[in-house]
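Participant: The following block contains the structure, expressed as structure tokens.
Laboratory data are not the source of any read-out in this text; all were calculated from the coordinates shown. Bear in mind that the values here come from a model prediction, so they are computed numbers and not experimental data. Quick reminder, even Gly has a Cβ in these numbers, built from the backbone with ideal geometry, and neighbours come from all protein chains shown.
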Amino acid sequence: MITEQLIWDKISNGDEDVFSLLRQKTYTPPSWEKLKKEYYPFLHPVITDPDYKDEYDDETDTWDRKTRITYALQMLATKRMTELTFGIPVQRVYYPQNDRQKELQKYIENIFNRNRIDSVNIERGNMLFASCEVMTLWYAVEQRHNTYGFDSNIKLRCRTFSPMNGDTIYPLFDEYGDLIALSIEYTRTDGDDTNTYFDMYTATRHVKWSNAESKGSEMQIVENEYTSAIGKIPAVYIVRKYPIWEDTSRMVYEMEWSMSRNGNYLRKNSKPVFVVAATEDIPFGQEKSEKKEFRTVLQIPQGATANYVTWSGAIENLKYSIDELREMFFTQLQLPDWSYEKMKSTPMSGEARKQLFIDCQMKVKDESGRILEALDREVNVIKAYLKLMLPSDAADIDALEVENVITPFQINDERETITNIMTATGGKAIMSQREGVELYGHSKDIDKTMEELQAADMSNLFEPTM
């Protein structure tokens, strides 16, 4: 049975098997080395296929360059899913039971805001949906400040790790599914040297190994510190089985091959061909350069024809195929196609556009489970650090309930919303004139603008228009 004590015993005895133990994974997501070949367009088969290469023509001493057209749809799907999930910032709903907990609520929000948590969510959303793994580490730095609303000697920072950055994450679970240790292996460049680091975090200790001291020969412990002050692993880890584009890469590759082959055909066949139909030989092709003569004369017998013939390709079939594959790509992934062409080709009301988002909103609900679990754990990590900064408020910090809410992104038609609200209130105004001026945002001095509006109203009152 794997326990934290077993890990400490191996570390204390200098057992090299401790790395084999810490690198065990209950579930291994797809390798980023494989996924990045689908994520990055310049690694798609139409670019990397060794059989699809440029050809050299010895007779003309020129290269026949192959057309290579790529679609970054896997990258687009990742961005779309992140925008749908975190485009509207995650809301933390607090349930304070007394005035002190209301103050603590502000402190927690200040910690998140000072760490730009909305930007962090966007960053790790992209990492999660593309590389299937992401970990955010929270750590304390000794610094005197009052940016959280109270005096403290500790400032909290966060750092995100992902295979996209070259990091390898190793979560170690026990037989009951509880996280015992969370480790990260990464490399950093120091001058001309590239060193490997291995950090392990448990609820009570942080240990760091590095080969910097041994110049690459072996891993040695360079840090060994207790972290029992907060009583939990100071990090959150999220994993998923498949990238957000799932098994749709073959559709993308087919679109790329079709367009690339069509590009080759166009280059070969779009050059006009001059055809002469006659019953006898007609001499032509002896024309001089266009710089030496202003016109070309061709003599042909009566009844003969001469004209240009151009290639007529099956463009409509190609367009149909590409459109169908693109539509199936977004349909299978339950993601909206927000391309300009799609949006302008189907004019519709704001309410109708909202209906288009039902499918992707359900997609966000499906994906939000593991994310909300991690965000709830992250709040608990922050609360544990806050208890370290404000030990006298530990009971209120533990009692303060916090709920994370993910709101899927959607298009809102404000005009329809305002009309619906005013209809429900019997045509009554729902905003004061001052609030309207503030919301409009073009007034540099709201008080002066309001005075001018009131003066205009009084003028109209005493000097009515006839």
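Participant: Sort the following peptides by mean Cβ neighbour count (other Cβ atoms within 10 Å, averaged over residues), highest first: 88-97, 423-432. Write down the numbers at each step before the final one.
Facilitator: Numbers: 88-97: 13.7, 423-432: 8.9.
With the highest mean Cβ count within 10 Å placed first, the list reads 88-97, 423-432.
Participant: Moving to a separate point now. In nm, to one decimal, how far is the A429 label point from the T3 one, both placed 7 Å along Cα→Cβ?
Facilitator: 7.2 nm
Participant: If packing is taken as the average count of other Cβ atoms within 10 Å, what order do 238-251, 8-21, 70-83 fall into, highest mean first?
Facilitator: Numbers: 238-251: 17.1, 8-21: 13.3, 70-83: 20.4.
Per-residue Cβ counts within 10 Å, averaged per peptide and sorted highest first, yield 70-83, 238-251, 8-21.
Participant: Mind jotting down a quarter of the surface of the convex hull over the alpha carbons of the stretch 154-260, in square nanometres, one decimal?
Facilitator: Numbers: hull surface 47.2 nm².
Its average projected convex-hull area is 11.8 nm².
Participant: Given the options L76, F42, T60, identify the residue whose Cα lies farthest towards the positive end of the charge dipole of the stretch 34-77 (+1 on Cβ of Lys, Arg; -1 on Cβ of Asp, Glu).
Facilitator: L76
Participant: On a 0 to 90° scale, report how tilted helix 358-389 is relative to the longest principal axis of the chain, with both axes built from alpha carbons and the result rounded to the nearest 10.
Facilitator: Helix 358-389 sits at roughly 30 degrees to that axis.
Participant: Would you work out the charge dipole size for the chain about its Cα centre, treating the Cβ of every Lys and Arg as +1 and the Cβ of every Asp and Glu as -1, and quote it to the nearest 20 debye? Let's see the in-between values first.
Facilitator: Details: 56 positive and 76 negative charges, 120 e Å.
Dipole size: approximately 580 debye.
Participant: Counting other beta carbons within 10 Å of each residue's own, what order do F329, F357 fall into, fewest first? Spell out each step's value before the answer.
Facilitator: Details: F329 22, F357 17.
Going from least to most buried by this count: F357, F329.
Participant: OK, next. Can you give me the relative contact order of the chain as a percent, contacts being Cα pairs under 8 Å and 6 or more apart?
Facilitator: Normalised by residue count, the contact order of the chain is 18 percent.
Participant: Report, to two decimal places, the Cα Rg of the chain normalised by 2.2 N^0.38 Å (N = number of residues). It would help to have the intermediate numbers written out before the result.
Facilitator: Details: Rg = 33.0 Å, N = 466, 2.2 N^0.38 = 22.7 Å.
The reported ratio for this selection is 1.45.
Participant: Here is a follow-up. Rounded to the nearest 500, what is the chain's calculated 222 nm mean residue ellipticity when only DSSP H runs of at least 4 contribute -39500 (n - 2.57) each, over all residues?
Facilitator: On the way: 16 runs with 199 residues, N = 466.
My calculation for the chain gives -13500 deg cm²/dmol from helical runs alone.
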